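Notes follow once the structure below has been shown.
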Amino acid sequence: MMRAAMLAMLLAVVPGTAAADAAQDVLAVDAARSAALLAADRVALDATLAGELRYVHGNGLTQDRASYLDAAVGGAMTYTAITPLERQVRMLSPQAALLTGANRVAVLLDGRPLQLDVLYTAVYVRQDGAWKLTAWQSTPVPGQ
C-alpha cells in the first residue's frame, strides 16, 4: 500500500516538473529569438522558427516565414532593444506552448528611432526535438 502511494505521488510530480522544464525551454528559445533579432543573425533567427510561421505585427502586417526573415534581418527595421516586461508560458500539450506577455521594443524604422510597448501572443511547437515559433500576434499597448 505504501509503495502504491509513493508511486502515485511520484507520477503526480513528474508531469508538473516536465511541464515546468518545457516552459523554461520555451522561454529560452524566445530569448534566443530576441537575441538573434538584435544581432541581425539570420541563421540563429531561422533556427527558432517553424516552417509554417505566421507572424502578425501590431499594424496588421502578416508575414510567412520567408517574408518575416527578410524583413527582420536586413529589412527596413533594425531592432536595437527588446526588453521583456511580462511573460507567461502555458503548456497546451507536450508539443505546444502558448506564450503571452509584453515587451518594450526599440527599433530603427527607415533610420528613425521608434520605441513602443507591445502585448503579444506566441505559439511554440516542438518539432524535431526543438521548440519553434509557429504563430505570433502583437498589438501596441493602448495609449501609444
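The values are calculated or read from the model by the stated rules, or taken from the named source; none is laboratory data. Bear in mind that the values here come from a model prediction, so they are computed numbers and not experimental data. All Cβ positions, even for glycine, are placed from backbone atoms using ideal geometry, and neighbour counts span all protein chains on display. For the accessible areas, the whole protein counts, side chains as well, though only heavy atoms, and no ligand, DNA or RNA atoms are used. Shrake-Rupley method; radii C 1.70, N 1.55, O 1.52, S 1.80 Å.
Selection of region 101-144 for residues being part of a loop (DSSP other than H, G, I, E, B), open to solvent by 60 Å² or more (accessible area, probe 1.4 Å) and not small (Gly, Ala, Ser) yields 110, 128, 142, 144. Out of everything in region 102-144 that is in contact with a helix residue (DSSP H, G or I) (Cβ under 9 Å, 6 or more places away or on another chain) and among the small types (Gly, Ala, Ser), what residue ends up being farthest from residue 69 (Cα to Cα)? Here the answer is 130.
Here is a yes/no grid of residues against (1) farther than 15 Å from residue 135 by Cα; (2) at pLDDT 95 or above; (3) loosely packed, with under 15 Cβ neighbours inside 10 Å:
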| site | (1), (2), (3) |
| --- | --- |
| 2 | yes, no, yes |
| 9 | yes, no, yes |
| 12 | yes, no, yes |
| 15 | yes, no, yes |
| 31 | yes, yes, yes |
| 54 | no, yes, no |
| 57 | no, no, no |
| 63 | no, yes, no |
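Could you list, in sequence order, all residues of region 66-89 that are part of a strand (DSSP E or B) and within 19 Å of residue 54 (Cβ to Cβ)? Of everything in region 66-89, just one residue is part of a strand (DSSP E or B) and within 19 Å of residue 54 (Cβ to Cβ), namely 77. Taken over region 77-100, the criterion of being open to solvent by 50 Å² or more (accessible area, probe 1.4 Å), out of contact with any Gly (no Cβ under 9 Å at 6 or more places or on another chain) and within 18 Å of residue 37 (Cα to Cα) is satisfied by 77, 80, 83. For region 42-65, a residue qualifies if it is in a helix (DSSP H, G or I) and of a type in the set (A, V, I, L, M, F, W, C), and the qualifying residues are 43, 44, 45.
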